[in-house]
Amino acid sequence: MSATVVPLPPNSSSETIDFLRRMASMVSGRNGEMLLRAASLIVSLAQRAMSAERLYHEQQVESTRNTELREAAELARDAMLSQIAALRTQLAEVTAASAAERAAFDAERGKLLGLMQHAESHIGKFTSELETLRASVDSFNETVVSVPIEVLRLARTQFEYLSNGFARRGDVISQAMSEIGGFAIDQALTAKKTADPA
């Protein structure tokens with residue numbers, strides 16, 4: 001509950017005090033003392049009233065300032081709450097995007113691991129086949145001799161010469177064996193031409 005301060009008329013208190021002091025000087029004894037006391041009490045009360053009025057005005061200014069500060073703080077709080085809500089929304093979006101990217105990464109990683117395992121399986125199979133082929137080539141190399149083509153042609157000519165010589169002498173068996181040897185060399189030369197068209 002607020003009190004309304006009504007200031008005294010400017011000269012009324014000083015006139016009253018002057019009147020009381022004049023009266024005290026005219027009256028003697030206890031009444032004079034009471035009048036002087038009343039004048040002092042009025043001075044004291046006037047000072048207290050002025051201090052109270054000044055304090056009231058200061059408190060009123062402070063209250064207005066506090067109200068303005070409270071309103072500014074409420075506005076700042078509302079703005080901060082709005083920013084926090086926006087940041088929470090952004091955080092939720094970033095978290096969802098990060099989770100989606102993580103899931104896509106995990107799926108891609110799983111796919112790559114599958115491909116890698118499949119490739120390793122193929123590599124193992126091809127390695128096994130390569131070992132089998134190497135073993136086959138090694139066993140083939142043990143039964144085959146590499147001879148230059150010119151040597152084969154020379155041997156073919158030799159077989160033909162022998163075959164003609166055996167035919168003149170009438171040795172049919174030796175002639176047939178020489179022709180078979182020549183035919184085998186012809187087969188090897190023909191296979192080489194087919195394999196190497198250049």
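Against the chain, whose longest principal axis is taken from its Cα atoms, helix 172-195 shows a tilt of about 20°. With K and R counted +1 and D and E -1, the other residues having a Cβ less than 15 Å from that of N66 yield a net charge of -3.
Normalising the average separation of contacting C-alpha pairs (under 8 angstrom, six or more residues apart) by the number of residues puts the relative contact order of the chain at 10 percent. Remark: the Cα gyration tensor places region 5-116 in the prolate category, a/c being 1.5 or greater and a/b exceeding b/c.
The N66 and S13 beta-carbon pair, evaluated with R₀ = 35 Å, returns a calculated FRET efficiency of approximately 0.55.
Which whole-angstrom value gives the distance between the alpha carbon centres of region 164-179 and region 72-106? A separation of 104 Å, based on Cα centres. Local charge for R54 was computed over the other residues whose Cβ lies under 15 Å away, with Lys and Arg +1 and Asp and Glu -1, and equals -2.
Take T132, T67 and sort them by solvent-accessible surface of the protein heavy atoms, 1.4 Å probe, largest at the top.
T132, T67
Each Lys or Arg adds one and each Asp or Glu takes one away; over the other residues whose Cβ falls under 15 Å from the Cβ of S25, this sums to +2.
Rounded to the nearest 500, the helix-only mean residue ellipticity at 222 nm of the chain stands at -32500 deg cm²/dmol, with each DSSP H run of n ≥ 4 adding -39,500 (n - 2.57).
Given +1 on the Cβ of Lys and Arg, -1 on the Cβ of Asp and Glu, and no further charges, what dipole in debye does the chain carry about its Cα centre, rounded to the nearest 20?
With only Lys, Arg, Asp and Glu charged at Cβ, the dipole is about 820 debye.
Measuring with a 1.4 angstrom probe and ignoring ligands and nucleic acids, R109 comes out at about 130 Å² accessible.
Here the Karplus curve 6.51 cos²θ - 1.76 cosθ + 1.60, taken at θ = phi - 60°, turns the phi angles of region 75-83 into couplings of 5, 5, 4, 4, 5, 5, 4, 5, 5 Hz, with x standing for Gly and Pro. In the context of the full protein assembly, K111 retains an accessible surface of approximately 120 Å², using a probe radius of 1.4 Å and ignoring ligands and nucleic acids.
Given the alternatives (1) 1.08; (2) 1.05; (3) 2.05, Rg/Rh (Cα atoms, Kirkwood Rh) as computed for this entry is given by (3). Provide the FRET efficiency to the nearest 0.05 for the S98-L154 pair, computing r from the beta carbons and using R0 = 45 Å. The formula returns an efficiency of 0.05 here.
The values are calculated or read from the model by the stated rules, or taken from the named source; none is laboratory data. Predicted model only: the values in this text are computed from it and were never measured. Don't worry about glycine lacking a Cβ; one is built from the backbone with ideal geometry, like all the others, and counts go over all protein chains shown. Each accessible area value is taken on the protein alone, full model and side chains, heavy atoms only, with ligands, DNA and RNA left out. Shrake-Rupley method; radii C 1.70, N 1.55, O 1.52, S 1.80 Å.
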